[in-house]
Amino acid sequence: MDFDPMKPIWVQVANRLKQQIVTGDLPPGSKLPGGRDLALAYGINPNTAARIYQELEREGVCTTRRGMGTYVTEDDERIRSLKESMIRDALERFLADLAGLGISGKEALIWLKKEEESNDHQ
């Protein structure tokens, strides 16, 4: 994973894990890698890995079972809510970028439709 130097690494890894959860790559109830394994996989400090899991647990995205590890929540509503929040964040960034180009929300929809149609024909 290439890290953005403008954002804390722990936030980027946490967001990547949340993305894997909402897409089903990490299904509800699945075991997450141990802290050391997470640190090795992303080339981060084990303390950073621990912080990531603490934050995900605080957000209700995962649960830690003493002596067993950390698991993705089985709360489908929590996962759905997380996905909706991530969609809203992505849309806000997208619309802000387009606003910087002088594109309104209505114009953005026209462009999206054009792009979708051109991708459908490929």
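The values are calculated or read from the model by the stated rules, or taken from the named source; none is laboratory data. Every value quoted in this text rests on a predicted model; they were computed, and no experiment measured them. Note: ideal-geometry Cβ built from the backbone for every residue, glycine included; neighbour counts use all protein chains shown.
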Q) Given the range 1-63, what helices (runs of 4 or more DSSP H) lie entirely inside it while holding 2 or more residues that are surrounded by fewer than 12 Cβ atoms within 10 Å (Cβ to Cβ)? A) 46-58
Q) Can you pull out the residues in the range 90-109 that are assigned to a loop (DSSP other than H, G, I, E, B) and either surrounded by 11 or more Cβ atoms within 10 Å (Cβ to Cβ) or in contact with a Lys or Arg (Cβ under 8 Å, 6 or more places away or on another chain) (or both)? A) ILE103, SER104
Q: Look through ASP76, ASP89, ASP97, ASP120 and report the one residue that is under 17 Å from ALA14 (Cβ atoms) and not hydrophobic (A, V, I, L, M, F, W, C).
A: ASP89
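How about the range 64-89: which of its residues are aliphatic (A, V, I, L, M) and either surrounded by 15 or more Cβ atoms within 10 Å (Cβ to Cβ) or in the same structural domain as ASN15 (by TED's automatic domain parsing) (or both)? Lay out the reasoning, then the answer.
Here is the first cut: in the range 64-89, the ones aliphatic (A, V, I, L, M) are 68, 72, 79, 82, 86-87.
Answer for the range 64-89, where residues must be aliphatic (A, V, I, L, M) and either surrounded by 15 or more Cβ atoms within 10 Å (Cβ to Cβ) or in the same structural domain as ASN15 (by TED's automatic domain parsing) (or both): MET68, VAL72, ILE79, LEU82, MET86.
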